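Enquirer: Quick one: the structure is below, and I'll ask about it shortly.
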Amino acid sequence: MKRSRIHVVLNDDLVFDVVDSGPLEGEPVVLLHGFPQTSSSWADVSAHLHQRGYRTFAMNQRGYTPFACPRGRFAYRMSALVRDTIELLNEISAPEVHLVGHDWGAAVAWSTAARHPERVRTLTAVSVPHSAAFVRSMLTSDQALRSFYMGLFQVPWLPEMLIRRNRGLLARALSSTGMPSAQIEAVHEEIVQTGALTGALNWYRAMLLDNPLEVMRKVAVPTTHVWGAKDTALSKQGAGLTQRYVTGDYRFVTLPDATHWIPDQNADELALIIHERASTNRIAPTIPGT
């Protein structure tokens, strides 16, 4: 792994900003953010991981960073999002990493682990279950009702226009999920004001464009799935079904007082969970010249 800091990653002629922090010699932990946040949502988790000796890489993903905002929903297919993650691993010269994702970042992490298990030493998926479990929960629980907003986001331009013209609209929606006011303000500054909103929404608009068979791929790497019992966006049904789609060592952790925003509100607990998974599945040190 590179022993110097990196700040950007290149893929598909796009430039992704990366926050590389922690001990240079530490085992690499890649942190993938969700909607509607950026890599800043991992700041507290990263600080706790650094204390345990890990080096963290938090990338602003496709659509969320100024020079990686391609037009059109086709550029936001899961296959492209996974390629971005793999290019990050290539840039840091890491044969394998501890991969962590929250919300949409969890969906990318699940898919990366399924498609490229040789690059993922451990997986910690936060809030969002395996994609196949999520689809199944839509048919067997109230998940479809919880996910009604996904249908609204399919409409071109209208959601962006409404959110930009009525600042309180998004603020009220996020507040109802338990997001603190400081994080809501960060969303407004980092997503709405910067023009990243359309790119962020294009992730939803590209949901049905990938090969549906990819959704069913099982994950063979050691995995921990973390779910907050007060999550209004994700049902327990999807979390419970996830084990069916993991063939590797699996652990399911419920945080009884957690909302959807676990990296922000439960950073110390989440960092410990990541450490517990990583410490039992260590990455072998890279020997120069091998």
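Enquirer: If we keep just the residues of the range 208-223 that are in a loop (DSSP other than H, G, I, E, B) and modelled with pLDDT of 95 or more, which is most open to solvent (accessible area, probe 1.4 Å)?
Expert: Lys218
Enquirer: Follow-up question, since we're still on this one. Between residues in the range 10-36 that are farther than 25 Å from His260 by Cβ and residues that are surrounded by 19 or more Cβ atoms within 10 Å (Cβ to Cβ) and among the acidic types (Asp, Glu), which pairs lie under 7 Å by C-beta distance while being six or more apart or on different chains?
Expert: Asn11/Asp84
Enquirer: Right, next: Within the range 246-256, is even one residue in a strand (DSSP E or B) and open to solvent by 70 Å² or more (accessible area, probe 1.4 Å)?
Expert: Within the range 246-256 (the criterion being in a strand (DSSP E or B) and open to solvent by 70 Å² or more (accessible area, probe 1.4 Å)), the answer is yes, since at least one residue qualifies.
Enquirer: Pick out the one residue from Gly26, Gly34, Gly63 that is at positive phi and among the small types (Gly, Ala, Ser).
Expert: Testing whether each residue is at positive phi and among the small types (Gly, Ala, Ser) leaves just Gly63.
Enquirer: For the range 47-62, name all the residues that are more than 13 Å from the chain's Cα centre (by Cα) and either open to solvent by less than 30 Å² (accessible area, probe 1.4 Å) or under 16 Å from Ser111 (Cβ atoms) (or both).
Expert: Leu49, Tyr54, Arg55, Thr56
Enquirer: Could you please find all residues in the range 63-91 being surrounded by 20 or more Cβ atoms within 10 Å (Cβ to Cβ), in a loop (DSSP other than H, G, I, E, B) and in contact with a strand residue (DSSP E or B) (Cβ under 7 Å, 6 or more places away or on another chain)?
Expert: Result: Thr65, Ala68.
Enquirer: Can you name every residue in the range 100-134 that is more than 21 Å from Ala200 (Cα to Cα) and open to solvent by 10 Å² or more (accessible area, probe 1.4 Å)?
Expert: Listed by number, the residues that qualify are Ala114, Arg115, His116, Pro117, Glu118, Arg119, Arg121.
The values are calculated or read from the model by the stated rules, or taken from the named source; none is laboratory data. The model shown is predicted, which means the values in this text are computed figures rather than measured ones. Please note: Cβ atoms are built from the backbone with ideal geometry, for glycine as well, and neighbour counts cover all protein chains shown. We work out accessible area using only protein heavy atoms, side chains counted, and drop any ligands, DNA or RNA first. Shrake-Rupley method; radii C 1.70, N 1.55, O 1.52, S 1.80 Å.
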